[in-house]
Structure formats: structure tokens, C-alpha cells
1. When you scan region B:273-304, how many residues do you find that are surrounded by 18 or more Cβ atoms within 10 Å (Cβ to Cβ), away from chain A (no Cβ under 13 Å) and in a loop (DSSP other than H, G, I, E, B)?
2. Got a sec? Which of B:242, B:211, B:259 is within 24 Å of the chain's Cα centre (by Cα) and surrounded by fewer than 17 Cβ atoms within 10 Å (Cβ to Cβ)?
3. In region C:56-71, which residues are more than 10 Å from chain A (Cβ to nearest Cβ) and either assigned to a strand (DSSP E or B) or touching a strand residue (DSSP E or B) at 6+ places or on another chain (Cβ under 7 Å) (or both)?
4. Quick one: count up the residues across region C:72-88 that are more than 7 Å from chain A (Cβ to nearest Cβ) and touching a residue at least 12 places away in the same chain (Cβ under 8 Å).
5. Quick one: count up the residues across region A:288-301 that are at pLDDT below 95 and aliphatic (A, V, I, L, M).
6. Kindly indicate the residue of region A:242-271 that is part of a helix (DSSP H, G or I) and acidic (Asp, Glu) and also least open to solvent (accessible area, probe 1.4 Å) among those meeting that condition.
7. Which residues, taken from region B:216-230, are under 12 Å from residue B:339 (Cα atoms) and either open to solvent by 70 Å² or more (accessible area, probe 1.4 Å) or aliphatic (A, V, I, L, M) (or both)?
Amino acid sequence: MNNYTKNIRKISSNLLEDGRVDLVLGFKRGTLPMASVPGIARTPEEAQGFVWDTNCRLNLANYITDQKEKIGIIAKGCDSRNIVNHIMENKIPRDQVYIIGVPCTGMVDKNRIRALLDDEIKEFKEEGEVILIRGAGQERVLDKEAYLRDNCKICTHRNPVIHDDLVGALVKEQKIEDPFRDVAAIEAMEGEERWNHFEGLLSNCIRCYACRNACPLCYCPACFVDESKPQWIGKGQDPTDIRTFHFLRAYHCAGRCTDCGACEEACPMDIQVRDFTRKLVKDSFEIYGWEPGLTLDRRPPLETFKPEDSDKFIK
Amino acid sequence: MKIIKIDKNDWTRGIDKSRETYQLFGPVTDSGQSIFKQLDKNAYPEMGGTNSVMSPKSVLFPQTEKILAASLDASMENHHIMQRPAADYSRRAVIGIRPYDAKAVRLVKLNFDTADYRDPYWCDAHGATTFVGLAVNQPSAVDFSISMGSGPFGEEGLDVLLVDLEDHYLAKVLTPKGGAYLSDAGFDAAAETDASLTTIETMQLAAEAAITTTVPTDRLQEKALLDLHGAPFWEDLAFTCINCGTCTFVCPTCWCFDIQDETKGKSTSRFRNWDTCMSPLFTLHGSGHNPRGKKTQRVRQRFMHKLKYFLDKYDQGTMCVGCGRCVEKCPVNIDIRSICSTMNAYDPKDVA
Amino acid sequence: MAEKRIKIVAFLCNWCSYGAADLAGVSRMQYPADIRIIRVPCSGRVEPRMILAAFREGVDGVWVSGCHPGECHYLEGNYYARRKFVLMANLLSHMGLDKGRIHFSWISSAEATKFARVAREVAHEIVSLGPNEKLVKKAG
């Protein structure tokens, strides 16, 4: 058991023992290899089921929206930024969450790792920065760093930005020379090519809305896709409807997206939905100097303005 | 029992030949995902791959299907009268469907083809379709089909069962429909029946032995429905569900749909789209009331329907065939195997 | 001009740009008839989904116009709108929609001449792009 897991269990059970929280949100071992999935503990015993490894890809801030109980929450860098978002957007008061911060060194890309073996991965083991995967007749030892998710590779906020406790020493933040290389690559395409890029991206979308539902930002009581008066968007497999959904979903995250990657993690069809939100992350940063979820003291870009904002595009 | 031997060198030629008389569907890789699709002229079913992400249910029950249409142009004959649009129900064959998915078609039939109601779209498609199955030699880790009354070599719902033997297939002809497909494809080399059956049986036993997950279902039927409905475990079980529709969309037996009308210019169409009981909209009443407004209620509904209501209503086993897709694709790994075990073992007396 | 008549939807704010359109009309100024006006309380009221709804229904271009900065009837609605529009227009063009299909302007209720001029500019640009095929919902 790694130290993080040990400390998560200890801190969580202490909190529950002392009655300082009603429940703790963390990750538990799933029923498949490479599945560390959200789980809750209401008793110190249940907290012994918590784990931490490099498969804790989802964002736990997703579960604290409008909760009434006092919640302890395990938060890596991106989760903590979404907790800040939630506090700013009045989805939960600061004193209702006890944030157990986890300095994070990134989560691995399960699809790239799965692709390494001819058949299923039967076992996944992690020792420090080294990963061992085993299939029916194959075995591979991997350097974790080389298999990080795309968003983790360029993450510059690995340490929780807000926390009440920490499970380990802070880690060194990465310095990324050109964090928006991926967006720039799409920007460099011709218009038609960009259109086709996104068309191809969405060709397998089944509209399960896992991307929306895994996202901590998507908490509207009625999503625009579910509205019927007027009905903004058709419900079928029409490509225009699918694209409209993805555009508007992404746009609703403008100035709020922390690039945690939960949307891509949840997608059953492995669609790179971050290609939509990344453009907004870039623009929010380059135009408004804004990185979401870092501070409670400034309002997000679409909630405020400056009289001197650029007018260049306006006639 | 007739058994045909198909040399793999003849396979593509046979597939091509069968295209003359059948529309073919099969597993293909699209943007890295294995899905069942109608095969283009030069596409071949990818046999022997792992479980497809999407089940073949879409062959009979497309995610979006136009069921009625009308013209709003008053100068046209029959304007404003909704009519069933023409659709191609010529012979089709689904190549490479897995036994548990074929069993799922049987279960879905119980809903779409009853004594009282017959869904013309599904039934017409079903009647036109020949199911050429492929036995699972190497079951995946999430395969629990045996527990759910199917199995890697299950024959229910199939017209032909192919068994992969490296350089050739042995094709078990299960119905006349299956025989017709094979002869149209030009596969006619009869194999020696007894020896082939022995070979197949050996392989079947090996495949079945490779499935180590057993999910108990034996006590589901005797449980009181309201006991299970009121069981205390649903709340915690549903807590981590993010309420997406992945489990229902990848499920080969989920058959629910929603009706939508769309009008554009002078034409109007009525579609049905897959719907999902995970969505709050699924049960939202016109009054605004929602009997399943809470996530827990919706999660409970899905499992109760599959593992209890269906069982009670039809007495044909569970409405789960153990393909493992939902286990694998659920973003938070809510595992029907453990939920089924929990339900099967639940006794209200233990809680009180 | 292209075979199909170009359609442009203009979302004009009640207090300034709509007034300008009105003034342009009563002053008998000429501007292209391709423009269909939808009056909105404020440019800040215009949401991306409204713009997408317009494209969905088959328009070839969208034009949003409000009061000059500092002159919003609601004091700051157009300042918020300005931020929204930048991100939205950028993302739409990122997805491959022609940039010239979406336009923004600030036109006060006295600027009938500007209204007519911008209307001509907008129409000219959209006509030169031709009919729009993207984000259009086709009959099923």
C-alpha cells in the first residue's frame, strides 16, 4: 500500500470517527484492472476501502453539488480547482467541505496502456513511478510518466490549490513551454479541415451524455438538450444535433473548465471531447489571463468585464 | 445436425458472394471502436476481435429510426397524413454476432413481438435477418454469460454458429435460414458430423471453463418485489452513478425508446430514438411530476427491470445476457454482477 | 448573387440598434433585404444557442448588434455580451464554421447611416460566402 492510500484512509477515518464530516468521498478499487472509481465512506471501516493510484481519473467535485451533508473529499489538483469553482458558483459553502488534498503526479491514459497488449489486461500494478501490466501471456513494465493522459502531461497545477489537510508533501509543478500546442495544431488547419476534424471526432457519438454528466461544471437542473419549449436541439443521431450538443456543452464550460479530463475518461466511445473545451481554455487564458479555479478572490471571465476589453472584432 | 467446414481461404470469397443476396452487417472498427454496422461493398466483418463496444441491437433497432412521415404540401396527395416510409427489408445477415447478443435478440423479441402488439419495424427487420454467430473461444474477463443462461457457445437466437479453428470455421447449421445463407455464400463442404461435434464440444468446454465469474440468480424469483424495491442498499449503490446513459446504450437488451416529431419546411417526420431510464426526462410527466425524479430511483429501476420485473413477468430468466459491456463501459464501474449478487442474497430480515 | 436567396438574422437590441434600424427605415435609407430582424432587450440577452438555432433553421449568417460600450440601457449588458461573443465566435470558427458568418456591431439609435452601412457590409460578406451548409438541420 502506498503512503497516499495509507494517509487517505487514516485522515478519512479520523474525520468520520470525530464526526467532523458525515461522509468522505474518495476512490475505491473497482472490479476491473485500471478502475479506481468514486466511492463513499460513512464509517471509519468503510474508509479502509479507499485507495490512491494512477487510475483515479474522474473528478470527485462532481458529487458535491448541492449536497446537504458535511463532506470530506479527496482532491487532486484539478478536483480542488473544481471545488473552488463550486464554492464560487454557490454550489457548496466552503465550510461544508473538508478538503483532503492529494499532490498529484498525473493519471495514466488507460486506452494507450490497453493498446499495448494484444488481449485484455488482467493485472495492473503500480510501484512508485513504474507500472506493471499483465495479460494472458504478456507482461510489460512501463514508465508511468510516458503514459500520462494528455491533460496530465501539460498540467501546471498538480498540487491542490485549496485544502484542509494533505496526504503527502507538495510535488514540484511542471513548467510547460507551450501548453496549447494541441489547440494550435487544430487552429493551423484550414476551415474545411477543421470542420472535418470535428466531424470525424464525433462520428461515433451515441449521445449518452457521459461527458456532460462526468463534468463537475454541468449541474444545471435542466440541461439545454432536455428543454422542450423551445426545443433547442433534436434528440436523434443527426450530425447537426450531435455537433450542436458538443458545441454548447463545451461553451457552457467557457472560463470554467479546469481541463481535468473527466469528460474523456467517461466517454464510452473514447471521443476526444477535450478538443472542444481546450480552445476555450486557451482563449480564456490568452484573452482574459484566466485559469479557472485558482482563487476565490476573482470572478471568472464571463461573469465580469473591463471597459477596455478588446473591441477589435466589433464593427 | 448439418455441419459445414469453411476454409478461411474461402471466407472472403463467400462473404462477397453472399452480398449478392444479402445486406451484410458485422463488427468493424470505426475511429478505433468496434461497432456493428452495415458493411460497405469492400468491408469485411472483423471476426475474432474482442467484444464490440456497441451491441448489434442497432441492426434491428437503430438508435434513430424514422417511423412515420408526411408531406405538408397541400398540393400533394395524402398530405398531412402520416405514413410509414419505405424501408429496405430485403434479406440481411449479421455476421459474427456473439451468442450472448443473439440471446439478447430473443429477449428483445418478447417485448416487440407479443400476442397483443407487434412492432412492425423491429419485427420486419427481425424477419429479414439471418444471424450467423461466432462462438467465443476466449471469453473476456467481464463475460458472465453462463450465469445469465447464455454462454460462449450458446445457440439461442442463432441461425448458424461458427466455431473458429485457426485455419477454418466449423459452421453448425441451426435453422433453414442459416442453411440458406451458407448455400448462398457457396459454403457447402459438409464436415463429418460426429467428429466435428466432438471438436466443438471440446472447445466449448474449454471456453466455458475460462469464464470464472459466476453470478448467482437462483433466488431472485422468490424475493418479494417490494422487499427488493425497498432495500436499503440502493442509496449508496447509486451515489456514484453519474446518470449517463452509457449502460443502457451499450446494453444488447435495453429496448426503450422515445418518440420525437421533427418538422422542416414542407415535410414532417416521426422518429424513435433510443431512450434511457437513467435520464430524468425518461419519466417526466406533462404535469411536471416525475415519479423517478431521484437518481437512486432511476438506478434501482434499471437493475430491478433487468433482474426482477422482467423475470417475474416473462419467466424467461433475467433481462441480462452477461456480455459485460456495461461493466466495462460504466464510467464509474457500477457492476451489475455485484448488484445481482447483492439482490440475490438480500433478506430484509438481515437488515431489520 | 447565389441561386438561393441569402438569409441573415440580426439580433438587435431594443434600445440602440433596433432604433437605428427604425430610423434608417423612416429615413428611407437603402439596405439589403436579406436581413431579418429579431428585437432583443439587450445584446447581453443573446445566447449562443440562439445563434445556433438560427443556423440550424438554415440562415446563412448572424449579426448581433447592441449599444456602444458605456451606453447600454442596462448599464453593462453589452460589456458581458462582448466577452461572450469573443469566446463563442472563436470556438465556432475553431470548429470550422466560416468566420465571416457571424458579425457584431455597436450602433446607437441615432446612427441610422452606420446601420445601413454595416448592414451592407454584413450582407456583402455573407453573400460572398454563399449559402451556409454547416450546422444546418436537414429534413429527416
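1. Residues that pass the stated criteria total 1.
2. Result: B:259 is the single residue among B:242, B:211, B:259 that is within 24 Å of the chain's Cα centre (by Cα) and surrounded by fewer than 17 Cβ atoms within 10 Å (Cβ to Cβ).
3. Once the filter is applied, which keeps residues that are more than 10 Å from chain A (Cβ to nearest Cβ) and either assigned to a strand (DSSP E or B) or touching a strand residue (DSSP E or B) at 6+ places or on another chain (Cβ under 7 Å) (or both), region C:56-71 yields C:59, C:60, C:61, C:62, C:67.
4. Within region C:72-88, residues that are more than 7 Å from chain A (Cβ to nearest Cβ) and touching a residue at least 12 places away in the same chain (Cβ under 8 Å) number 7.
5. Result for region A:288-301: 1.
6. Per the criteria, the residue is A:265.
7. Those that are under 12 Å from residue B:339 (Cα atoms) and either open to solvent by 70 Å² or more (accessible area, probe 1.4 Å) or aliphatic (A, V, I, L, M) (or both): B:220, B:228.
Yes/no per residue for (1) within 21 Å of residue B:6 (Cα to Cα); (2) within 15 Å of the chain's Cα centre (by Cα):
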position	(1), (2)
B:135	yes, no
B:142	no, no
B:154	yes, yes
B:165	yes, no
B:170	yes, no
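The values are calculated or read from the model by the stated rules, or taken from the named source; none is laboratory data. Everything numeric in this text was worked out from a predicted model, so none of it was measured. With ideal geometry, Cβ positions are generated from the backbone for all residues, glycine too; neighbour counts draw on all protein chains shown. SASA here: full protein model, heavy atoms, side chains in, ligands and nucleic acids out. Shrake-Rupley method; radii C 1.70, N 1.55, O 1.52, S 1.80 Å.
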